[in-house]
Amino acid sequence: MSEQPAPADNILELTDLTKRFGGLVAVDNVSLNIKRGEVFALIGPNGAGKTTLFNNVTGLFQPTSGRVVFDGRDITGSKPHQVARRGIARTFQNIRLFDYMTCLDNVRVGRHVRMKATVFDSLFKLPRERREEERVTEEAMEFLRFVGIAKHADQYARNLAYGQQRRLEIARALATDPKLLLLDEPAAGFTPQEKVELMKLVKKILGRGITVFLIEHDMKVVMGISERIVVLDHGEKIAEGSPDEVRKDVRVIEAYLGKSA
Amino acid sequence: MSTSVFTRLHLRDRIRDRDTAVYSILLILALVFPMASIYATDGTALVSQATRAGTFVLLAIGLNVVVGFAGLLDLGYAAFYAIGAYSYALFASTQLASSPAHHAFHLPFWLMLFVALFVAAAAGAVLGFPTLRLRGDYLAIVTLGFGEIVPQLFYNFDQWTGGINAVGGIDQPTLPAWIQGPWSGDGPFQVVRNFNFGGDPVAFYVLICILIAAAIILVNNLYRSRLGRAWMAIREDEVAAAAMGINTVTTKLLAFGIGASFSGFAGAFYGANVSLVSPDSFLFIVSITVLVMVVLGGMGNISGVIIGALVLYYVVYYLIPGLPENVRSLANSIGLSSETTRSLADATQHLNYIIYGGILVAMMLLRPQGLLPSRVREQELKHAAVQEEEAAVEMEHAT
Amino acid sequence: MSLPDFGFYVLCATAIVLLAAQAVIHPGEFVQVFIFGLTQGSIYALVALGYTMVYGIIELINFAHGDVFTLGAYVGSAILGFFAISEGGFTTVNLIALLLVFPAVMLVMGGINVAIERVAYRPLRNAPRLAPLITAIGMSFFLEGVMFLWHGPATVHFPDILPKAATTVAGVFFGFKDVFVVVVAAILVALLAIFINRTKLGKAMRATAQDRDAAQLMGIDINRTIAATFFIGALLAGAGGMIWGLYYNTVYYQLGFRSGLIAFTAAVFGGIGNIPGAALGGLIIGLIAAFSDSYIGSKWTQVVVFGILIGVLVFRPTGLLGMRVPEK
């Protein structure tokens, strides 16, 4: 391996990451390090390039320049499925479930990368395939229980209530056994009660040894659970630090409220 | 906990019950049909028809993997059928003796059945590999083009394939002697019919039934597996599927290749069955007919697709061609003059296209989800209503 | 430069070099074939426009469109029968008949296509995507059946009423018919371009093609706009059918199937949904087909045309003029 091993305490390192769409610079030279086992938040006004940054990390977009190092390996330019295999899972800002599959099947799809059955095994329903299917079904139920929607296992994802869909998306992502979980506005559209439950869920996820990297608009949620925050504005990193430091930062206030404030 | 969940899987059970019922009825019909039809018509013509229908069932089951499971639109499915049929025809007839190869091959049917399968799958992979990364409709167009090219190639390379003259005199399958055994044949211990593909349509009928049964089991296994779920995930949302670690290109390629292999398999069977393979048997109309079978039966649902294939086969190859004759006898029986009878019958003959086209349009307008839709498609159509209800309920809760 | 782009340019360059060689060795034959390709291509262009417009607005491969084109020739032949035209020469009656029948056929086909849309496609606008595709195929069979019932399976004669005038320049034959086809097609395409870019309805069509929901919110009547698209597509197809008849003087009921597929290929070639692309694609496919007919052999033309179709989609999925749309 010619790649330099990263310091063991960083799970994700972005170095000078830039993404251009034609003339538009969506992500501009952003560098950040996420420590293993923390909750790291990415905030910024609408259109600041937060989701674009996520897409660059997960391989949906190819960065124009810069490096993405995950768990000591350079994954810049990897395909989405390779990134997922390495151990990064994500949810989407506008929930993207498999609408006409049951909740159970949604989570079992998440388990896909951790399964071994080949086409041949499945075609002839070999005993090892049957055992794996049984095991995966149990595990999938476990994930549904973990996020609290096990009783809807047999329902179509489409038919769940909004909050339950967000939970299902998290369960599906967790099923890939990630080391790093990317949550894109997980509390969007939530009631205060649901937000509290979400924060509890994030704590539980952390308890499983998974690092959480989230985009969120709701300051109560962000300040309540994250240890460190990066603020993005017009694709540029304008601040980084603990919730308290960021809250007091002049540039952050300007970015959110406009310069006149 | 989990038991309470699984007892609630009632909807799914009902679907499975429906499938069981359909399969049971099909099995009984398949068993009774040859005896009944031979008894009723004193001939095996109907059994041959049923065998041909069975070939289409096999094709529809294969195309369902591509279209119904993985959501890829294939408009050139007959190309793989042609490839399978020619794979067998060329290597199990005297055709290549008069070709530049100057040597006739007579490879056994049972081997070529699988060779045809792999050749077709390979062709599918070659076509699919560069094109499956394209958006859905582009794939449809590429397959359409491929479906137009392949029969034309078999037509153009007439040195090898005989071109428009077709490949005839294709070998019939033979069974090893030990299967025939003393209990069959003309000997004193005869219990069952002698199984002879040479002159007996029933032998082909039994073979296609066995092949269909095997296909149903295998495809069902795939449907309820890791790969089946990956196909559906891609059909639902390709980006999300990739984010879950599914390699969308290879997964789609597998659907495409497996679908093609069914077509190749069916093609080899067809070649042996009719013993004559010509480029005209694999035109666009065949691809479309199989696609309509899949859509009509209810995409994604195997039992529905089988029903769709049987119904459409009956309509296209039996009902419509037989119409003039029926009209004639009807006109005779109500006492119309022979002149009127003949012109009426002629008119019906000219109506074939109109009737077929009209049936397609009417079917889709009346049941856009197919005859026996999978739960998915049914839901898709009811979805709007359900959502409105849910919204209303949520509003109530909120206030 | 990406690999697909490179492949695309290499393919184009090879074709051009081979053709240029032919042009130098046998210039007379080359120009003759070129003219034939241009006339054929003009007709394909007219038909391709209908495919591309319908695809652009409701993402439907309208399989019935080629048959609408053929039916145009059938209807034109029938209406011309009412006039005291004289074949083989050009009279005032011929001119009057032509001026009356040509627009009449276009309008009739427009009306028929709107009816088809109303009956077979509109009810399925929210159905699974394959349902309208199947009804389109059903309508295609239906129209072929109507023509079959009308005139049977044999070829149908179309009155030969254009002037026979022709000149030969340096061994190359120029007929009035060739000029007629190209000029009429060019005028129609120009009118379409003006309509799409200048009129309110044209703008509504473009907006609906971009984003149907947003267009609806802006107060555009979606049903009317889609119907208008089918109407205009069929106007052009009807004109194409007329031109075909006037040029070849013979049609048969399944003409629309093969030429429809070729026109559709032209639409894809130019970038499906792209109107100038379809016109250009039609011309290019017409030229390719003509060159293939005379230099490779007509039995290979189908392989060449559809091979190019696959090649374009592999190397340049958005077509010649299509924009590169980022996949979300």
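Would a scan of segment C:168-179 turn up a residue that is more than 26 Å from C:Ala215 (Cβ to Cβ), in a helix (DSSP H, G or I) and either over 20 Å from the mean Cα position of the chain (by Cα) or of a type in the set (A, V, I, L, M, F, W, C) (or both)?
Looking through segment C:168-179, at least one residue is more than 26 Å from C:Ala215 (Cβ to Cβ), in a helix (DSSP H, G or I) and either over 20 Å from the mean Cα position of the chain (by Cα) or of a type in the set (A, V, I, L, M, F, W, C) (or both).
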Seminar exercise, completed: Condition set part of a helix (DSSP H, G or I) and not hydroxyl-bearing (Ser, Thr, Tyr), scope segment B:327-342, selection least open to solvent (accessible area, probe 1.4 Å): answer is B:Ala331
Problem set entry | Within segment A:126-152, considering residues that are of a type in the set (Val, Ile, Thr) and more than 27 Å from A:Glu194 (Cα to Cα), the one least open to solvent (accessible area, probe 1.4 Å) | A:Val136
For this session: Within segment C:134-157, work out how many residues are more than 8 Å from every other protein chain (Cβ to nearest Cβ) and either over 22 Å from C:Tyr248 (Cα atoms) or surrounded by fewer than 23 Cβ atoms within 10 Å (Cβ to Cβ) (or both).
Result: 8
Exercise. Touching a Pro at 6+ places or on another chain (Cβ under 7 Å), more than 13 Å from chain B (Cβ to nearest Cβ) and over 28 Å from C:Ala115 (Cα atoms), is that true of C:Leu283?
Worked result: no
Problem set entry | Extreme residue, nearest to the other protein chains (Cβ to nearest Cβ), among residues of segment A:109-118 that are surrounded by fewer than 23 Cβ atoms within 10 Å (Cβ to Cβ) and in a helix (DSSP H, G or I) | A:Val113
Problem set entry | Test: residue in segment A:64-73 that is more than 24 Å from A:Pro186 (Cα to Cα), part of a strand (DSSP E or B), touching a Gly at 6+ places or on another chain (Cβ under 7 Å) and open to solvent by less than 60 Å² (accessible area, probe 1.4 Å) | no
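If I filter segment B:131-139 for residues that are among the β-branched types (Val, Ile, Thr) and within 13 Å of B:Tyr86 (Cα to Cα), do I get at least one hit?
Within segment B:131-139, not a single residue is among the β-branched types (Val, Ile, Thr) and within 13 Å of B:Tyr86 (Cα to Cα).
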Exercise. Going through segment A:74-91 one residue at a time, which ones are touching a strand residue (DSSP E or B) at 6+ places or on another chain (Cβ under 7 Å), in contact (Cβ under 8 Å) with a residue 60 or more places away in the chain and either away from chain B (no Cβ under 14 Å) or crowded, with 23+ Cβ neighbours inside 10 Å (or both)?
Worked result: A:Asp74, A:Ile88, A:Ala89, A:Arg90, A:Thr91
For this session: Kindly indicate whether any position in segment C:49-72 is closer than 30 Å to C:Val172 by Cβ, of a type in the set (D, E, K, R) and part of a helix (DSSP H, G or I).
Result: no
For this session: Tell me which of these B:Ile307 doesn't satisfy, since it passes every other one: (1) more than 10 Å from every other protein chain (Cβ to nearest Cβ); (2) surrounded by 24 or more Cβ atoms within 10 Å (Cβ to Cβ); (3) under 21 Å from B:Leu372 (Cα atoms).
Result: (2)
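Which one of C:Gly219, C:Gly273, C:Gly256, C:Gly240 is within 14 Å of the chain's Cα centre (by Cα) and not in a helix (DSSP H, G or I)? I'd like the intermediate steps shown before the answer.
Numbers: C:Gly219 fails: within 14 Å of the chain's Cα centre (by Cα); C:Gly256 fails: not in a helix (DSSP H, G or I); C:Gly240 fails: not in a helix (DSSP H, G or I).
Answer to the check: C:Gly273.
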Problem set entry | Positions within segment B:351-370 being touching a residue at least 40 places away in the same chain (Cβ under 8 Å) and hydroxyl-bearing (Ser, Thr, Tyr), in sequence order | B:Tyr356
Problem set entry | Tally of residues being within 7 Å of chain C (Cβ to nearest Cβ) and open to solvent by less than 50 Å² (accessible area, probe 1.4 Å) across segment B:141-161 | 8
For this session: Check B:Ala362, B:Ala345 and return the single one that is small (Gly, Ala, Ser), more than 25 Å from C:Phe63 (Cβ to Cβ) and part of a helix (DSSP H, G or I).
Result: B:Ala345
For this session: Take segment C:189-213 and flag every residue that is more than 18 Å from C:Gly277 (Cα to Cα), open to solvent by 40 Å² or more (accessible area, probe 1.4 Å) and of a type in the set (A, V, I, L, M).
Result: C:Leu201
Problem set entry | Boolean, A:Ala187 is facing another protein chain (nearest Cβ under 10 Å) and of a type in the set (Gly, Ala, Ser) | no
Exercise. So is C:Ile308 more than 30 Å from C:Met147 (Cβ to Cβ) and among the β-branched types (Val, Ile, Thr) or not?
Worked result: no
For this session: Could you please find all residues in segment A:15-40 being closer than 13 Å to A:Glu236 by Cβ and either away from chain C (no Cβ under 14 Å) or not hydrophobic (A, V, I, L, M, F, W, C) (or both)?
Result: A:Asp16, A:Leu17, A:Thr18, A:Lys19, A:Val25, A:Val27, A:Asp28, A:Asn29, A:Val30, A:Ser31, A:Leu32
For this session: Give the number of residues within segment A:153-185 that are closer than 23 Å to A:Arg85 by Cα, open to solvent by 30 Å² or more (accessible area, probe 1.4 Å) and in contact (Cβ under 8 Å) with a residue 60 or more places away in the chain.
Result: 2
For this session: Identify all residues within segment C:214-247 that are farther than 22 Å from C:Phe102 by Cα and open to solvent by 10 Å² or more (accessible area, probe 1.4 Å); write none if there are none.
Result: C:Ala214, C:Gln216, C:Leu217, C:Met218, C:Gly219, C:Ile220, C:Asp221, C:Ile222, C:Asn223, C:Arg224
Seminar exercise, completed: Picked from segment B:330-376 (must be among the β-branched types (Val, Ile, Thr) and closer than 30 Å to C:Ile137 by Cβ), the residue farthest from the other protein chains (Cβ to nearest Cβ) is B:Thr348
Exercise. So, in segment B:213-249, of the ones that are within 9 Å of chain A (Cβ to nearest Cβ) and hydroxyl-bearing (Ser, Thr, Tyr), which residue ends up farthest from the chain's Cα centre (by Cα)?
Worked result: B:Thr248
Exercise. Only one residue in A:Asn46, A:Asn56, A:Asn106, A:Asn94 is surrounded by 15 or more Cβ atoms within 10 Å (Cβ to Cβ) and out of contact with any helix residue (DSSP H, G or I) (no Cβ under 9 Å at 6 or more places or on another chain). Which one?
Worked result: A:Asn56
Exercise. So how many residues does segment B:243-261 have that are among the aliphatic types (A, V, I, L, M) and open to solvent by 10 Å² or more (accessible area, probe 1.4 Å)?
Worked result: 5
Problem set entry | segment A:21-38 residues that are in contact (Cβ under 8 Å) with a residue 60 or more places away in the chain, paired with ones that are assigned to a loop (DSSP other than H, G, I, E, B) and surrounded by fewer than 16 Cβ atoms within 10 Å (Cβ to Cβ) (beta carbon under 7 Å, 6 or more apart) | A:Lys35/A:Asp9; A:Arg36/A:Asp9; A:Gly37/A:Gly209; A:Glu38/A:Glu227
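The values are calculated or read from the model by the stated rules, or taken from the named source; none is laboratory data. Please read all numbers here as calculations on a predicted model, not as lab measurements. Every residue, glycine among them, receives a Cβ derived from its backbone with ideal geometry; neighbour counts consider all protein chains shown. Just the protein is used for accessible areas: all its heavy atoms, side chains included, with ligands, DNA and RNA removed. Shrake-Rupley method; radii C 1.70, N 1.55, O 1.52, S 1.80 Å.
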